[in-house]
1. Using alpha-carbon positions, what is the distance between the centroids of segment 541-586 and segment 472-539, in Å?
2. Hey, can you rank 432-444, 102-114 by average C-beta count inside 10 Å, highest first?
3. Roughly speaking, what % of Cα-Cα pairs in segment 373-576 are separated by over 24 Å, rounded to a whole number?
4. Just need the relative contact order of segment 373-576 here, percent rounded to a whole number, with Cα pairs under 8 Å and 6+ apart.
5. State, to one decimal in nm, how far the label point of Asp703 lies from the label point of Ala85, with both points 7 Å from Cα in the Cβ direction.
6. Computing the accessible area with a 1.4 Å probe over protein heavy atoms, can you report the carbon and sulfur percentage for segment 583-772?
7. Greater than 28 Å separation of Cα atoms is the criterion. Which listed pairs, Lys405/Lys653; Lys504/Lys545; Lys476/Lys545, meet it?
8. Among Val711, Val724, Leu691, whose Cα lies farthest out toward the positive end of the dipole of segment 685-728, if unit charges sit on the beta carbon of Lys, Arg (+1) and Asp, Glu (-1)?
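The values are calculated or read from the model by the stated rules, or taken from the named source; none is laboratory data. A quick note: this is a predicted structure, and the numbers were derived from the prediction, not measured. Cβ sites come from the backbone with ideal geometry, for glycine too, and all protein chains shown count toward neighbours. For the accessible areas, the whole protein counts, side chains as well, though only heavy atoms, and no ligand, DNA or RNA atoms are used. Shrake-Rupley method; radii C 1.70, N 1.55, O 1.52, S 1.80 Å.
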Amino acid sequence: MGTSGSKGLDGVGGLGAAALAGGSGGGMGGDEGDGDGAVTGSWHGGAQLYVSLKMENARIIGDLVPHVYGSEPIIGSWEPARALAMERELASMWELSFVVPPDHETLDFKFLLKPKDAETPCIIEEGPTRLLTGGMLEGDVRLANFRLNGDDELLEFRVFNKADIVSPLDLAASWRVYKENFQPSKVRGIPDISINEAPTHATEDGSGSSLELDLEHYVVPTPTAPPTEYAANLAATPASLDQPETPWTNDMLLSDGIQSPRSAAADFKDDSYHNKDTEASIADSSNSKKLQVSGMVESKSVGTLIQLQKKDRPQGLYVDRGVVSPKLGKSFSACSLASGLNFGSTKAMPEAAGAVAAAAVADRLHGSKEDRKLAIVLVGLPARGKTFTAVKLTRYLRWLGHETKHFNVGKYRRLKHGANQSADFFRPDNQEGIEARNEVAALAMEDMIDWMHGGGQVGIFDATNSTRKRRYMLMKMAEGNCKIIFLETICNDRNIIERNVRLKIQQSPDYADQPDYEAGLQDFLERLTNYEKVYEPVQEGSYIKMIDMVKGEGGQLQVNNISGYLPGRIVFFLVNSHLAPRPILLTRHGESLHNVRGRVGGDTVLSEDGELYSKKLANFIEKRLKNEKTATIWTSTLQRTILTATPIVGFPKIQWRALDEINSGVCDGMTYEEIKKIMPEEYESRKKDKLRYRYPRGESYLDVIQRLEPVIIELERQRAPVVVISHQAVLRALYSYFADRPLREVPDMEMPLHTIIEIQMGVTGVEEKRYKLMD
């Protein structure tokens, strides 16, 4: 006889609703049972009985868990040690469900309470053995009585019994649904992807002008305004500059120019890190067959990853909410991804699968997560977006829970040698300037390695690092301390370079004391020319090259000798990132009935205020995005978000399971006062650590963050505005990513009802504005 928890089969709505002709019966505890509920009817086609036994008592004593034990075919033994545990369906309800033939022999059993502490004896229910025939209990369905503490206290459980007839086909389908964690593709008859074409004239009070035309009327202050400081100044504070140091002298230089201040190293041969395997560059899918792989895992062949955006792709009409891994026949570290590109008969990775899929593939192909420190060393000419990329990557890795820090060498230089260095300081023939810049680079690298020894995992080393000698110095310093991956940013678009140069002059502390913009521009262009004279593209070691990736289309991402769990995540994040400005609007659903009642979870409809907000939100979006015809609306699969989005017309609406509220498990539908009273230990555990606390049979905030990673990847990939209508815990996790807030703050972030948070993403970073449509 098979057994399963009731949450599995009943939870998918399959077996109970799929009962065939033949009827069902049930009994209830106390004096209400009629004792004659056996299922009868015609039996044909191999039909089976789905039997459910439930016990209910709101006053659980200590750590007692209800169990069932008995003779064949339930257990085969009256040994309490072999009893079957009942699954907790609700805070006060426990269930054991199983499948038996309709003509099964009589089952005899009893309930018992089994303490979690194995040393404490079990408590067996009083009264005669229970008999179950035809799926139903014989006689009156009496209460289950247990004597606690000898004879001092009586604990009573109400007993429920139900049996449904199901066909083998229905049973197999429901089991498959349960195993695959399936959820219906429609909610209240609304398909996963829909769009309201017909305009609506209904507004919150019957008037189309009830929302002020001036959206600024609804702007409210943000809890903590995002920093407007120059991005490089937000990097790590140089620790080594606060300590006595050994002067940097020419004696520290090797014959080829540079030596780590920490230790001497052997002479560097320029070709010692060169790729000796076959190289291939894939510009598009037409020549994809040129890719050659020379190794199973540590191949050093070069592949090109073309960005996954399609210019003519319909916006928002398809979202792969799953996390699917390609069926790779063998491992390779140099890989290629392109729209429509596949390897032989294998399936191409879905565009929205994101970094989670990359991590899963890496885990399977390369083993468990590397216990190594990782240094991402930026390479590139000035005004190519290195610092922006460093800040973005740092934010992403921190959000995933990796201890990550950004080290900006320019900040070290300004603190060590002043912020007003002219272009002459960067001349390739200025030996004193070269030594000074190498010195601060070495100091920053030392600080990063010291930080890693103290527990840091990923260091982002932000500098031009434009010569092979500089990169060799960093590699020698990293030996035995961390693994280096070079991240080179290359931009050939003169318009983008000119824009970045203007931002540099306006924002960089190097020109804060220069009142004349034109003079500052001329000086920076001279500095850029000095770097261009000696620039050497990366060809050594492990590297990622981002070539014209800024605009988000038409660029390339080349990888060489990249393998492992975390590098895989980084690659997939970068291939989906771009700098195209667009707004992302975050809002909770309108107030629901559970919000009014103070209950967690559930899937209730909107209250009157919630319905009013849905109409106000529709008006707001119509005005805010009136010129954004490619915007999309994302909701969860829970009806309160779908109903909030219903009045919105003219934009595609997409449902994401990943946007569902945090799963509160057995506490679903309870108030916090009920949780405190019925499950005080769970209440206190949650109070002590809301970030890591996981509801029984539910989720923690860290679980929510992990399932939201594909959503973040897709938001980064989108080029058009997105409106996300979701839930408090989910929006806290999403907002923490954009605001770069520490994970420990996530559970307590302010995320009020009936408020819209607008996140502006672009070349200047992330900016935030809040609109409160209702009190």
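1. Their Cα centres are 19 Å away from one another.
2. Numbers: 432-444: 20.4, 102-114: 18.0.
My ranking of the peptides, most packed first, is 432-444, 102-114.
3. Values: 8136 of 20706 pairs.
When all Cα pairs of segment 373-576 are counted, 39 percent exceed 24 Å.
4. Values: 296 pairs, mean separation 61.4, N = 204.
Reported as a whole number, the value is 30 percent.
5. Calculated label separation equals 1.5 nm.
6. Working: 3110 of 6810 Å².
Solvent-exposed carbon and sulfur of segment 583-772 make up 46 percent of the total.
7. Details: Lys405/Lys653 37 Å; Lys504/Lys545 23 Å; Lys476/Lys545 22 Å.
From Lys405/Lys653; Lys504/Lys545; Lys476/Lys545, over 28 Å: Lys405/Lys653.
8. Final value for the positive-end residue is Leu691.
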